[in-house]
Structure formats: structure tokens, C-alpha cells
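*Asks:* Handing you a structure now.
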Amino acid sequence: MSEMRQLVGLLKQIDDQLVACMRCGMCQAVCPIYAETGLEGHVARGKIALLECLADEVIKDPAGVKERLDACLLCGSCQANCPSGVKALDIFFKARAFLTGYYGLPPVKRAIFRGLLQNPKLFDTVLGVASKFQGLFTKPVNDMLGSSCARVFSDLIGGRHFAPLADKPLHDVATQRDTPRGHSGLKIAFFYGCVVDKMFPRIGEAVLKVCDHHGVGVFMPHAQACCGIPALSSGDRETFEKLVALNMKVFAESDFDVLVTPCATCTSTIKKIWPLMAEDLPATTRYQVKELSAKVKDVSAFLIQDVGVTPADVAVSGEPVTVTYHDPCHLKKSLGISAEPRALIGCNPRYKLQEMEGADSCCGSGGSFTLQHYDLSKRIGKRKRDNIVATGAAVAATSCPACMLQIGDMLSQAGDTLAIRHPVEIYAETLAGR
Amino acid sequence: MSNHLSQKFEEIVGTGNVLASEVDRHNYAYDAAVLPPQLPALAVRPETPEALGRVVKTCNELGLPLTVRGSGTNLSGGTIPSEGGVVVLTGALNKIIEINEADMYAVVQTGVVTAKFAAEVAKRGLFYPPDPGSQAVSTMGGNVAENAGGLRGLKYGVTKDYVMGMSFYDVDGELVKTGSRTVKCVTGMNLHGLMVGSEGTLGVFNEIILKLVPPPKASKAMMAIFDDLGKASETVAAIIAAKIVPATLEYMDDFTIKTVEDFAHAGLPTDAKALLLIEVDGHPAQVEDEAAEVEAICKRVGATRIQVAKDAVERNKVWEARRAALSALARVRPTTVLEDATVPRSKIPAMVGALEKIAEKYKLTIGTFGHAGDGNLHPTILTDKRDHAEFTRVEAAIDEIFDVALSLGGTLSGEHGIGMAKSKYMVKEVGQGSIMYAKRLKAALDPKNILNPGKITGA
Ligand SMILES: Cc1cc2nc3c(=O)[nH]c(=O)nc-3n(C[C@H](O)[C@H](O)[C@H](O)COP(=O)(O)OP(=O)(O)OC[C@H]3O[C@@H](n4cnc5c(N)ncnc54)[C@H](O)[C@@H]3O)c2cc1C
Ligand code: SF4
Ligand code: SF4
């Protein structure tokens, strides 16, 4: 009971944010989960109402509230569309942390977050071994990592068609580096993120190739840790804070102009969630977090805005390849970036962009959401797949490796043969040496 | 007992469609009105018309209060259930049954979302004009039950002008058909007319037949800026007097202008005292003429500046500023109380003046915008419902707003309905006789008083 009181006390901390919701219901128009289930408890208004009830102690069922809260992609569509400016994502992250504090983390997640994620070296080693034995260790691996963001082993779960772990992760194929500014006069720190490292090293290689070509110096340390979003969205604030601290140690003191990531989720986490959740960290760390989060940028935005890349002068023969672009929620809804990835794709004259219906509607991935609610996630993903296929494109491009996994799963299950690419890969193809 | 109840409804609508957990009950206890929630016993979601009818019948047999819920966006507490009652969700009854291009009508189930319907109609080259601000989420059933209107009300009318007929369930679960697919129809009583605006108190809608019209071929939008409120409302009167009926004629006061500008950076003149946003539509030649005339009237009556949108982009900018009004105001304070007192057009200056005095008297922040063309104003009180002292003043201010509106020959609600929020004022507007008549009507049609009890005429 005293724990319950503590939970109530914590919820009161976000009371101001909760009352900002005027219950207008406009979030119903954009919530991908509500579109599928039509349940009030699955839209921001409903979740906020439940949290208010919990804070006011008129509801006695925190487990029920948690269940509703967990059925959420954290896609931010509601927040982007809210007339009242309700910070729904802030509310959801904090509330999940409070509720997880109340219930404790499930043992599997505990093992993954606290045992592996907090220890990047071990994480790499385990996954390195796993990549060689993926076929053999199906079951134990699934149990161990089933709920992580990286969802590295998700290919082994429940009929999914996921890209397997890369034979060699990025940190094996590309050595650490710290190259000076070249003719661009710019230097980046390269935060590649777990999924790119472990499943799509080719994206990381494309980033490096582009930077080399444009004379951009690169600081790429291998000791970087996960951005922390899988832990935080599961309510594990402790692991999240440790991961932020680990990254601070690596990046805070280094010399670079922009922290570049090819992962929409990492970008928005570092930009928005790090400072939001850093309140309880020591003052100096808090300051560093702010400085770093001010520097983070999606790779397409960096190349278009800062490097100023323009359409490449390459010979085009035959019909251009049709490509359609999916806006990751974490890029468009959270950060308002949608023109730059398209502009980057447009820099490759061999491709022709064909917009799909609902390019900015969520693909249904939502981190570990897809693991807990695979059926719902699939229904949302299926719409995305249909919209992609309707364009007749041969390539589906997007700026988030998590979306790539989800879209790949959906296309593959439907027997489609589209390629899935990151805009930076498409651009990198125009550069000499290919 | 509630277990038993769930079972009874599960037999009708299926297991997954009965929502009875504590969490679910709390989720269907409120709507968009700033009123205290009330817990239903359960919510049910019929997926077929037959199931809907059986649900109604069962509620009547058991004497259970029944509240139909579309999207719960009404601002008058119309979907706040009775304690221990049943909430009927129309979300799964969302089929557009027919869009008839030759005869220009459509038939829909009640859970169809307004904007989706309007878009489907537009795809076929036709037009469904009612466009409430909530259209992205509101349902057709909710629109009909609230007689919803929108920005185009002045020229194109409101929902009631488009309801040609419908079928609805009475309390015994009998299907009642009224109206038809023909433009003319005088068969039987005009029961669908009775259903429009009935807020779920007289029957549960099943299918609605809606009139469609040809879309206007051209339109032109402009923004007129005033340094004096009187001049803005004189302009409204002068435009109408010139026998021009714009498709939209919207008003924004200085507080709203400043707040919108701070929030949306739409390029609004923050030193203006009032703004009119005007759009004329119709045949291209007529649009050119009328736009020129409207512009001339604005200048003559005293607009300090007029911006005519040159293309679709500029037109959108004008409307974005208007659409941002509520959003911008809603961000100022935690609680937003949106009212919709409506007065005859000529009384707008008097109403606006009174609102200023009321804000001052009760020490409240009130931003006013709305549909100047039809006299429908949205005084929006910005407050914090947790501040009890202040909220008491808010309630007193609302009382006074309605008193003023009525004294000016106006009405309690231009479009949001009466629900629970305004039932106590009803007698002031329509008198005891009307209330008794409505009550007798209801008692005859709904002897156990199960259909959304307590709404419109009160308990
Ligand atoms: C931001 C915002 C802007 C708005 N702008 C406007 C506006 O411009 N114009 C306007 O008129 N209103 C406006 N409204 C109010 C509201 O959106 C409308 O009244 C709308 O019609 C309600 O639709 P709904 O589907 O949400 O109905 P609900 O709120 O769910 O229900 C409204 C009423 O209809 C009844 N009902 C619903 N379905 C049925 C059925 N099948 N059978 C019988 N009764 C039924 C309910 O019992 C209830 O009494 C606005 C609201 C918001 C939050
Ligand atoms: S749109 Fe915003 S204010 Fe409206 S109900 Fe949703 S969260 Fe609340
Ligand atoms: S974050 Fe996305 S899924 Fe979650 S409530 Fe908001 S819109 Fe719905």
C-alpha cells in the first residue's frame, strides 16, 4: 500500500502535463493503435484519463493502466496533432518508469537491460557469438533478447521474417576512427546505434563512405552504448541513465561539430528524451547531455543542411528505379524532418521517388511494442505494406533501421520482393568507387 | 451481478465486445466537456445493426440507462453515461453503405467518421458541406444527434439540412424507418427531423440517408483587418445586406489573434482589434464579382487592411490561422472551456462587448472567435479546473454569458448541444411549456427513461 502511495506521489509530478489534456479527442484521428482497435484506452486521451484516475486514486488497478499504457507505439503522432500541446510522450515515458518502479522489471528484461545493454562490450561479444550460432540457439537466444530494442533476435520469434544478424557487425568491418576535418571543414561523431551495428552494417559503411567523399572528419568510437530507448520504453530508468552516462563518457569531451546518426529512433531519443529524462542526473552530466543533444542530427539532415550535397552528376541509362519513402515517426513527428531524406534520395538521378499514401503513418514497429503485440503490430504494418506495394516501387526507403526491420518483415511475409534501403545508401551509390 | 450483466451482453455482441474492466469503465466515463465523469457498468460494441437493436431492447428490458457514444467529442456532456448504465459504442458500425452519384445522396452507418465520409464523397465529385471543427474524429451519428454545424454553416446550412431520412431503433429494439432517398418525401411524420439534435434521448440511430450537393467550382478567400470591433461587425452586416452569402465568415478577437500569432506564426497583425476571414465560393465569374464586392465593402466600412489569397497556398494560410485558434488558446492555461453562445448577427458587437465586461468582472481570460456570419461565437475561457475559487468564477461567468445571449434574442447553443452542461438553462430559453412537452414526448417513447437520461431537459 505504501508503494501505491509512492506511485501516486510520482504521478502527481506529471499532474500539470496531465491536466493540459482537454479531452477533445483529436488524437483519435492519428493514433495507429486506435485505428485498429477503436478502444478509448488505446488512444492518448484514454491513457491520460487513466493516469489521472490513478493519480487521484479513483482507480485501484495499476496493472490495467499499465497494460493500456504499454499498448502504445510511442510514435508521437498524438502529440504532433494535439491542439492543446499535450506532451504525450513525456507523460508516457515517465508514467512507464513510475509503473515499472512499482511492479519491477520482468526478469528477462532485467537480464537484457542490466546485464547486457549496460555492458556494451559484453553485448557485442554475446551477439558476435550468437550471429555464428543463430540457427542453433534459437530458443535461449529468443528468451534472452526477445524484448530488447535492438530486437536483434526477433527474426527467431513467431513467424517473423527479419533480416538475420549481420555476419560481421559494423564494429568489426569498420575500425574505430578519429579522422580530422577535410575539405568540408566539418567533423562528425558517428553514433551508429545498435541495429545498424548488428544488423545493417552496410548503412554504417555508406555513412563512412559519404563522409570520406565529402571531406568530413569522423570520430567513431566503438565503446558507444545503446541510446537507451528500449530500456526507457520498458520503464527501466536506471538502465537508461547508465547508458546515457556511458555515452557521455565517450562523446562529451570529444571534438566534433555534429553528432550524426543513421537511426531516426536514436536521433530523436538523444535530441528529445535524453534532456527530458536527465533531470535527476548530476548537474554537470545534465549540462553535458544538453550540449550533446543540441548537436545530434539525422544523417540526411546533416548531408543536406550542413554538407550541402546536391544531385550527383552520374550517367543514367535506362529507366530509373522507383523508390518510395516511409517517414519514421521518430523523424517526422518528433523532429519535423521529412524533406531532407527525400532530397537525399533525389540526389541520385538513377532513382525516381514515388510517394505512397500515408507516407508518414506509423509502420507499427514501435520498439518492443511489436514483440508484445505482434498481432496488432502486423495489422498496422500490413497497411503500410499495402501502401508501399501500391506505388509499384522496387525499393522502399526509410531512415530508421527499426522501421526497416518491420517493413522488411511485412513485405517478406507477403512474398514481395522489394529492396529496403536507407536514403544514405541510395546516395552513397552515386559516389565513385562503387 | 455485473458479471451476469456482461454475460448477457456477450451473448449479443461477442466476448471481445463487452468492456467491463475497471479501466474500461473509466475510459467511457467522460467526453470532451469539462464535467465530472460518471462510471458506467460496462461498454458494449455491437458490430451489426441486429446486435445494436438487441442491445437497446435488452437495456430496456433490464431498465438500464443507455448512452450511445460516437467519438465522445461533444462539448456538452452528452456521452457522459448514467452511473451504472451501459455505453453503446458505434465504432464498429462504420460502413458507408452507398454513395449515389446519380441521385446525389449517401447512406451511412452511424459510426462513420465525418471527414472520411466527406473525403469519399469528394472522390466521387460530390460535396457534403457540414464540417465541424472535430470532423477528423466526430461520427455521423454524433453529428446528427448534435445537429453539428461548421465553418460553412452560413451558406450551406448544418447537419439537419442534409438528413433526408434514417432508420433508428426505439427502446423496444424495433426498427423505425423515416424519410427516403427521394428529394421530396412527405410520407408519414417527419420523425428524422425529430431525431436531429435529440442527443441520444429518443432513439438509437442505425442508418442515415444524407443529401449531397455539387461542389462549388471556384472559391476565393481573404482576411480583413480592423482596428475597431464595431467596424468588423458592421462589415458582417453590410456584406449580408449586399445580398452576398459567403461560404464562411469568421471572426477573431485581439486576444485570440495575439495568441494564434505567438503559437502559429501565421503572419497575423498583432496590433489589430479584430479580424474577419471571408471566403466566397460558387461559379468562377460570380466568385470574382462577389470577392471584389466584399473587398469594397470591407474597405468602405473601415478595414485597415485586406489580404486576398492569390492561390491555394495563401488560401490555406488564411484557414490555418483560423484552425489554429482553439489550439493556440488551449495552450495558454490547463483547462479550456469552449462555449458557443449564439446571437442574431446584428447583436455581435453587443455580445462581444458584454464578453469583455464579463471577463473583467470575474477576472478571467476569455478569447473569442467564431462564426460571425451566423452569429455563433465561441467565447473560450482559459482557466485551471484545479483552482476551485477560479472555477467557481468560471461557472458564474458562463451563467452570465448565457443570460446575455438570451437577452439579445440569441440561443444557448449554436452547435455544441445542450447535453448535461446546459440543461439547467433550457427553461430560460424555451420556457416551461416546451420542457413539459419534450418530457411528455420522451415519457411516451421511453417510459423507463433509459435513453441517455438527464440530457437536454435534465432529470
Ligand atoms: C475540438 C472540437 C471542435 C468542435 N467543433 C465543432 C463544430 O465546429 N461544430 C459543431 O457542431 N460541433 C463541434 N464540436 C462538438 C462535437 O464534435 C460535435 O457535437 C460532434 O457532432 C460530436 O460527434 P461524436 O461522434 O463525437 O459524438 P459523441 O460526442 O460521441 O455523441 C454526441 C451525442 O450524440 C449521441 N449519439 C451518437 N451516436 C448516436 C447514435 N447512433 N444514435 C443516437 N445518438 C447518438 C450521443 O449519445 C451524444 O448525445 C467540436 C468538438 C471539439 C472537441
Ligand atoms: S488531442 Fe491532446 S488534448 Fe485532445 S484529447 Fe488528445 S491528448 Fe488530449
Ligand atoms: S504515441 Fe502513437 S500509438 Fe501511442 S497513443 Fe500516441 S499516437 Fe497512439
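*Asks:* Among the residues of the stretch A:37-49, are any polar (S, T, N, Q), within 14 Å of ligand 3 (Cβ to nearest atom) and more than 8 Å from chain B (Cβ to nearest Cβ)?
*Replies:* Yes.
*Asks:* Then there is this: Considering the stretch A:65-105 alone, what residues qualify as being open to solvent by 10 Å² or more (accessible area, probe 1.4 Å) and without any contact (Cβ under 8 Å) to a residue 40 or more places away in the chain?
*Replies:* Answer for the stretch A:65-105, where residues must be open to solvent by 10 Å² or more (accessible area, probe 1.4 Å) and without any contact (Cβ under 8 Å) to a residue 40 or more places away in the chain: A:66, A:67, A:68, A:104.
*Asks:* Here is a further query. Being small (Gly, Ala, Ser) and either in contact with a Lys or Arg (Cβ under 7 Å, 6 or more places away or on another chain) or within 28 Å of residue A:227 (Cβ to Cβ) (or both) is the filter here, so list the residues in the stretch A:385-434 that pass it.
*Replies:* Matches in the stretch A:385-434: A:396, A:397, A:399, A:402, A:408, A:412, A:414, A:419, A:428.
*Asks:* Any residue in the stretch B:209-218 that is of a type outside the set (Phe, Trp, Tyr), within 22 Å of the chain's Cα centre (by Cα) and more than 30 Å from residue B:278 (Cβ to Cβ)?
*Replies:* yes
*Asks:* While we're here: For the stretch B:89-119, give me each residue that is of a type outside the set (A, V, I, L, M, F, W, C) and more than 11 Å from every other protein chain (Cβ to nearest Cβ).
*Replies:* B:95, B:98, B:100, B:101, B:103, B:105, B:109, B:110
*Asks:* Any idea which of B:355, B:329 is open to solvent by less than 20 Å² (accessible area, probe 1.4 Å), at pLDDT 90 or above and farther than 19 Å from residue A:24 by Cβ?
*Replies:* Checking each option against the conditions leaves just B:355.
*Asks:* For the stretch B:397-419, indicate whether the set of residues that are within 30 Å of residue A:17 (Cβ to Cβ), under 24 Å from the mean Cα position of the chain (by Cα), surrounded by fewer than 17 Cβ atoms within 10 Å (Cβ to Cβ) and at pLDDT 95 or above is non-empty.
*Replies:* no
*Asks:* Given the conditions (1) touching a strand residue (DSSP E or B) at 6+ places or on another chain (Cβ under 6 Å); (2) open to solvent by 10 Å² or more (accessible area, probe 1.4 Å), which single one is not true for residue A:238?
*Replies:* The failed condition is (1).
Yes/no matrix, rows are residues, columns are (1) buried (at least 24 other Cβ atoms within 10 Å of the Cβ); (2) among the charged types (D, E, K, R); (3) more than 26 Å from residue B:394 (Cα to Cα); (4) more than 13 Å from chain A (Cβ to nearest Cβ):
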{"residue": "B:14", "(1), (2), (3), (4)": "no, no, yes, yes"}
{"residue": "B:25", "(1), (2), (3), (4)": "no, yes, yes, no"}
{"residue": "B:40", "(1), (2), (3), (4)": "yes, no, yes, no"}
{"residue": "B:54", "(1), (2), (3), (4)": "no, yes, yes, yes"}
{"residue": "B:65", "(1), (2), (3), (4)": "no, no, yes, yes"}
{"residue": "B:71", "(1), (2), (3), (4)": "yes, no, yes, no"}
{"residue": "B:77", "(1), (2), (3), (4)": "yes, no, no, no"}
{"residue": "B:81", "(1), (2), (3), (4)": "yes, no, no, no"}
{"residue": "B:87", "(1), (2), (3), (4)": "yes, no, yes, no"}
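Conditions (1) away from ligand 2 (no atom under 16 Å from the Cβ); (2) more than 20 Å from residue B:174 (Cα to Cα); (3) out of contact with any Cys (no Cβ under 9 Å at 6 or more places or on another chain); (4) in a strand (DSSP E or B), marked per residue:
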site	(1), (2), (3), (4)
B:50	yes, no, yes, no
B:59	yes, no, yes, no
B:75	no, yes, no, no
B:78	yes, yes, yes, no
B:88	yes, no, no, yes
B:103	yes, yes, yes, no
B:116	yes, yes, yes, no
B:122	yes, yes, yes, no
B:125	yes, yes, yes, no
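*Asks:* Tell me whether the stretch A:212-228 contains one or more residues that are among the β-branched types (Val, Ile, Thr), at pLDDT below 90 and not in a loop (DSSP other than H, G, I, E, B).
*Replies:* No.
*Asks:* Can you confirm whether residue B:356 is within 28 Å of residue B:276 (Cβ to Cβ), free of Cβ contacts under 8 Å to residues at least 12 places away in the same chain and either under 25 Å from the mean Cα position of the chain (by Cα) or within 14 Å of chain A (Cβ to nearest Cβ) (or both)?
*Replies:* yes
The values are calculated or read from the model by the stated rules, or taken from the named source; none is laboratory data. Note that the structure is a prediction, hence the values are computed from the model and not measured. Don't worry about glycine lacking a Cβ; one is built from the backbone with ideal geometry, like all the others, and counts go over all protein chains shown. These area figures cover heavy atoms from the full protein model, side chains too; ligands, DNA and RNA do not enter into them. Shrake-Rupley method; radii C 1.70, N 1.55, O 1.52, S 1.80 Å.
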